[in-house]
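What follows is one structure encoded as structure tokens, with my remarks underneath.
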Amino acid sequence: MEKFENAIEVLKNNLADAIVELNVPKPRKAYILLKPERHRDAISLLLKHVEDAELSTISGTDLGNEIELNYHMACGGTVTLKNRVSREKPVTRTITDILPGANLYEREVFDLLGVTFDGHPNLERLMLPDNWPKGEYPLRRDWEPHANQENESNSEETSQTEPAAELDDAGSVINVVMGPQHPVLHEPERFTFKVDGERVVDAEMRLGYVHRGIEKAAESMMFFQDVFLVERICGICNAAHTTCFCQAVEDIGNVETPPRALYLRTIIHELNRVHSHLLLLGVAGHLLGFESLFQHVWRDREPIMDTVERITGNRLMSGFNAIGGVRRDIAPSTVEKTLKNVEEVRKRAKFYKTVFEEDATLRLRTEGVGVLSKSDALKFCVEGPVVRGSGIAVDVRKDDPYAAYGEIPFNVICYNEGDTWARLMVRAEEVVESLNIIDYALHNLPPGRLRVRVQRKQPEGEAVSRVEAPRGELIHYVKSDGTAYPYRVKVRSPTLANLVAFPEMIRGAYIADIPAVIGSLDPCFSCTDRMVFLDTQNGHRWHWSLDEINNSKNRNGLM
């Protein structure tokens, strides 16, 4: 029996008294409304009886009188367990004691929707600034941004070294703060490392420095406009985000995407993956002091960027996907040039794989560093090259095929070491595998239409869409109320899933290993994360809505 069917049978046979409603509208997608507080029983059953079952994310939706908590479980498909709580007193029990990987997801729902999770070990803000007004939850339907809302200036920054007084051995343990601005971090985030001598004892993270409120903005834009919005969540993963969002809307509207469009989506999706992996492998060389590797890898990334521009017309933000298909076809001459580039980059990618395998200094700096065991990888629900580097062959493209992946042969790359070296090797081999997928898709590109017409209004419904982004499983949850505007859009990027395991990886490592371990996660904080306006002259802070930002009078007033 397939994992998905097994998961449904397990719940039917063991939890029939708790199931209020069970709906399977699409293959490998189930939505199960449970009686209040029975979500823990359902999750425990799936973890016990379904191999490698994990929590993808938790999404919260304001239904008016209630807040619906959706626990999206990956079980060879997606099983969404629904637990509803009162909006007036939104309290439910935590699942972090069952699955530590739910830690950041529950903090996110607490921060943005105001749901309290009883028993959570550290229920604090995750995305919003610490001085955000109490009792205001931006993802509730009745919340409106306050024009020129002023917050008290309350810097959360601390000195770069400070005593860790809360620890028993406070005399030898100090806090080393890295970020939010730091050479190792290409995006602003804040890490506090508790160190004893040269060893890292523990680590804490503070996210939200580039949180842009995209989920809230999506509610005020039409479905077809949101395609462009979600594309800007991440420049590198732009095709992954638009593919994921378009699939969700297509599921709600029962739209049949033409086969040629599915193959073209696959091609641009894999070009994104090659671009992302080569970028990270080059950065890894830079973080380890291997500057020549950094320069060479980034040089060989250029043909991929040129190919993306040739196919889509844009080098970075491709603007390629549309609800119902894709926007542009690929000419025979472009196919020929792309195949030539693929062959050239494949040769170089195999060489770089050999470098990571055989270079003694590189292996010395990465082997046995930042180890994440297989059991911990499952416990923390990590994704992508991180989980595959710990010996678990999980890949949405294979487990829950989308686009044209069900028709294209490819291998899931897996290493058992669980260390920084294994995570880099997964990416090095996946570059070659992605190039093979592109080659196959171009040689087997079916004829036909590029897209079908889709109505602006979508029927009432909901859909969960998953894709395998370069950093791992990307999930979009979209809910429609029968209008041209989505009722709710939830995005969970793979970086948020992987960050929860970082303290476990870095504990016991040397300070000098921090850049390599962070780099092996390939974090993208733009995907994960606040936008607040600050007048640097007087410290005045305020918030603007999207319309107010677009108002030229407001922008001119800042000049």
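The values are calculated or read from the model by the stated rules, or taken from the named source; none is laboratory data. Fair warning: this is a prediction, and the values are worked out from it, not measured in the lab. Backbone-built Cβ (ideal geometry, glycine too); neighbour counts: all protein chains shown. To get the accessible areas, we keep the full protein, side chains included, count just its heavy atoms, and leave off ligands, DNA and RNA. Shrake-Rupley method; radii C 1.70, N 1.55, O 1.52, S 1.80 Å.
Worth a mention:
- With Cα atoms as the point set, segment 103-142 shows a radius of gyration and Dmax of 9.7, 30 Å.
- Put simply, the amide H of L372, placed in the peptide plane, has neighbours under 5 Å in D419, leaving out anything fewer than 5 places away on its chain.
- As an equivalent ellipsoid, segment 2-118 spans semi-axes of 23, 15, 12 angstrom, where each value is the square root of five times an eigenvalue of the C-alpha gyration tensor, largest first.
- One Cα centroid belongs to segment 198-220, the other to segment 318-352; the line between them spans 33 Å.
- Cα-Cα separations in segment 214-542 greater than 35 Å, expressed as whole percent: 23 percent
- What the Cα atoms of segment 318-372 give is an Rg and a Dmax of 19.1, 50 Å.
- FRET E, pair R315, F224, Förster distance 41 Å, beta-carbon r, rounded to 0.05: 0.95
- Rel. contact order, % - alpha carbon contacts under 8 angstrom, at least six apart, segment 2-118: 24 percent
- Built amide H within the under 5 Å cut-off of E462, gap 5+: S480
- Accessible area per residue in Å² at 1.4 Å probe, computed on the chain: 40 Å²
- Distance from segment 1-78 to segment 253-286 (C-alpha centre basis), Å: 29 Å
- For segment 191-252: relative contact order, % (alpha-carbon pairs under 8 angstrom, 6 or more apart): 18 percent
- Counting DSSP beta bridges with both ends in segment 2-118, the antiparallel % (nearest 5): 75 percent
- The sum of -39500 (n - 2.57) across all DSSP H runs of n ≥ 4, divided by the residue count of the chain, sets its helix-only mean residue ellipticity at 222 nm to -12000 deg cm²/dmol.
- A straight chain from R38 to D329 at 0.36 nm per residue would run longer than the Cα-Cα distance by 99.9 nm.
- Projected area averaged over orientations for the chain, convex hull of C-alpha atoms, nm²: 25.9 nm²
- Apportionment of accessible area to carbon and sulfur, the chain, percent (1.4 Å): 49 percent
- Pairs of alpha carbons in segment 414-479 separated by more than 18 Å make up 66% of all such pairs.
- Amide H partners (placed H, <5 Å) of R190, local residues excluded: R206
- Note on E460: accessible area approximately 150 square angstrom, rounded to 10, probe 1.4 Å, nucleic acids and ligands left out.
- Cα centre as origin, Lys/Arg/Asp/Glu Cβ charges: the chain dipole, Debye: 1800 debye
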